[in-house]
Amino acid sequence: MPNHSDPCTQRYASRAELAEFASGLPAQLAATYARERTQVHTLYANQDSDTVDRLIEVLISMWTHLAKGYPPGHFDGKDPEEFFRHYLADRFTWRSLLTHPSSSSPICLLEAKRAVLSDAEEAVAETVAAVFRGDDRFMLNVWTDYWQNARSVRNNVTQ
């Protein structure tokens, strides 16, 4: 059985499979954010931080599935999930330097994580745009509107 984390054996998804998956992402994102909103019962920064971590994990899963639209080894020969996690870790480092160059307070940490959550949302949208650019059957502009609406649900969860 092939190891799906090995970039050389990564399954290359068909365009139809990716289109079906991508079409459902805005509804999945909105539902995830709405579910988290109902579970948030506190204003403690470390618990809000855990919520943001869970939301980032959902976006990592989405992006990793979209990466199946690229040939094996496309992401510098790395496993797509590893590649994306590294990208987000770099974004966190950069965002941390912007929000709190010399502080490690829970509030500053949460600000950086929220910014990375936004980066992950953008990365998913940019990947969908790259995969389906020029595909008239996908209706990318409509998808983008749905994605933006889904993202707006987050504002009630993490802020």
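The values are calculated or read from the model by the stated rules, or taken from the named source; none is laboratory data. These numbers come from a predicted model, not from an experiment. Neighbour counts run over all protein chains shown; Cβ positions are idealised from the backbone, glycine included.
A compact table of results
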item	result
Residue within the stretch 102-119 that is more than 23 Å from Tyr70 (Cβ to Cβ), at pLDDT 85 or above, surrounded by 17 or more Cβ atoms within 10 Å (Cβ to Cβ) and polar (S, T, N, Q) present	no
The stretch 17-50, subset polar (S, T, N, Q) and modelled with pLDDT of 90 or more, residue farthest from Phe132 (Cα to Cα)	Thr32
